[in-house]
Amino acid sequence: MDNKKVGLSDTTKAKTEPKTFKRNRIIGTKFTIAISSAKGGVGKSTFASNIALALKKMDLNVGLLDADIYGPSLPKLFSINEKPESDGQKLKPISKYGIQCMSVGFLADEQTPMIWRGPMVISAIKTFTQKVLWENLDFLIVDMPPGTGDTQLTFAQEINMDGVIIISTPQEIALQDVKRGIRMFDKLKVKILGLIDNMSHFIGDDGKKYAIFGEGGVKKTAEEFKKDFIGEIPIDPEVGKQGDLGSPIVESKPDHEISKVYLKFAEKIKSIYL
Ligand code: ADP
């Protein structure tokens, strides 16, 4: 091959193409999937924990990394009160419901607010991705903080992420932020697996469907940005209740209609990768 020619075209390329990043696979994992929402309170952590449990139910090895540095949910959602052990070099994930779990919430007092600046967040993400003994995982599910900040950027630039699932409610105010989130991941060239419409509607005792946050907005946004629409999860008080009890619905009530929805989504995710 003519090396000179290759060199020349490479230089031209470097000037015209956006910067690409050197991304590393997290040791001990096959596939890393981030669960993201541009807005807080739309059910991202609930989805992350239930989808991890649903994948586990399919006999896969699953890890759950709570990367929501400022508002960790995993200690509460999985009722974990212990601290991870360290071998002096690396932290051992805490195993609960057959899932390897890690959260900044395991390391800090529940009442202590995380008042961290950007560089500290980046260093925490590096610890979680380089210094945790994830073992033989088929999937590592990463619960991202809301928004488009340091955590997303650090992951997108340094970690080989295999896909992102974006969670939203159908409310206009949430969708506005979702669009920002989609643009960010597109710009960073992270594959968006699709969008989930969480708390899409409520079925009343009268059997009628109530679109509390509006209807069809997430699907419409997916179409607008040419992304897959994975599906919807209705509002069900049982979802919140089981989460608060520290045993998400897929674990505590696997035959519940909502659990079946999570299992269906897990099948879909599995079929994309395995
Ligand atoms: P986020 O991680 O986006 O901040 P959470 O997962 O903490 O959001 O969920 C916010 C609240 O909504 C929690 O109280 C949770 O139990 C509740 N929730 C999430 N999804 C559902 C659902 N499908 N039905 C009922 N409540 C839900």
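The values are calculated or read from the model by the stated rules, or taken from the named source; none is laboratory data. All figures in this text were calculated on a predicted structure; none of them were measured in a lab. Neighbour counts run over all protein chains shown; Cβ positions are idealised from the backbone, glycine included. Heavy atoms of the whole protein, side chains included, go into the accessibility calculation; ligands, DNA and RNA do not. Shrake-Rupley method; radii C 1.70, N 1.55, O 1.52, S 1.80 Å.
Restricting to region 239-258, count the residues that are within 18 Å of the chain's Cα centre (by Cα), more than 7 Å from the ligand (Cβ to nearest atom) and not in a loop (DSSP other than H, G, I, E, B).
Matching residues across region 239-258 total 2.
β-branched (Val, Ile, Thr), more than 17 Å from Gly28 (Cα to Cα) and surrounded by fewer than 17 Cβ atoms within 10 Å (Cβ to Cβ) - does that describe any residue in region 107-115?
Scanning region 107-115 turns up at least one residue that is β-branched (Val, Ile, Thr), more than 17 Å from Gly28 (Cα to Cα) and surrounded by fewer than 17 Cβ atoms within 10 Å (Cβ to Cβ).
Looking for something more than 16 Å from the ligand (Cβ to nearest atom), surrounded by fewer than 20 Cβ atoms within 10 Å (Cβ to Cβ) and over 22 Å from Leu153 (Cβ atoms) - is there at least one such residue anywhere in region 21-36?
Yes, region 21-36 contains a residue that is more than 16 Å from the ligand (Cβ to nearest atom), surrounded by fewer than 20 Cβ atoms within 10 Å (Cβ to Cβ) and over 22 Å from Leu153 (Cβ atoms).
Can you confirm whether region 216-238 contains a residue that is over 20 Å from the mean Cα position of the chain (by Cα), small (Gly, Ala, Ser) and surrounded by fewer than 16 Cβ atoms within 10 Å (Cβ to Cβ)?
The answer is yes; a qualifying residue exists.
Take region 199-237 and flag every residue that is in a loop (DSSP other than H, G, I, E, B) and modelled with pLDDT of 95 or more.
Correct list: Phe225, Lys226, Lys227, Asp228, Asp236.
Return the total of residues in region 176-198 being crowded, with 20+ Cβ neighbours inside 10 Å, within 14 Å of the ligand (Cβ to nearest atom) and modelled with pLDDT under 95.
Of the residues in that region, 2 qualify.
Being over 20 Å from Pro145 (Cβ atoms) and modelled with pLDDT of 95 or more, is that true of even one residue in region 100-118?
Yes, that holds for at least one residue.
Scan region 57-75 and report the pairs whose first residue is open to solvent by less than 10 Å² (accessible area, probe 1.4 Å) and assigned to a strand (DSSP E or B) and whose second residue is among the β-branched types (Val, Ile, Thr) and at pLDDT 95 or above, with Cβ atoms within less than 6 Å and a gap of 6+ or a chain change.
Listed by first residue and then by second, the contacts come to Val62/Ile99; Leu64/Ile99; Leu64/Ile141; Leu65/Val142.
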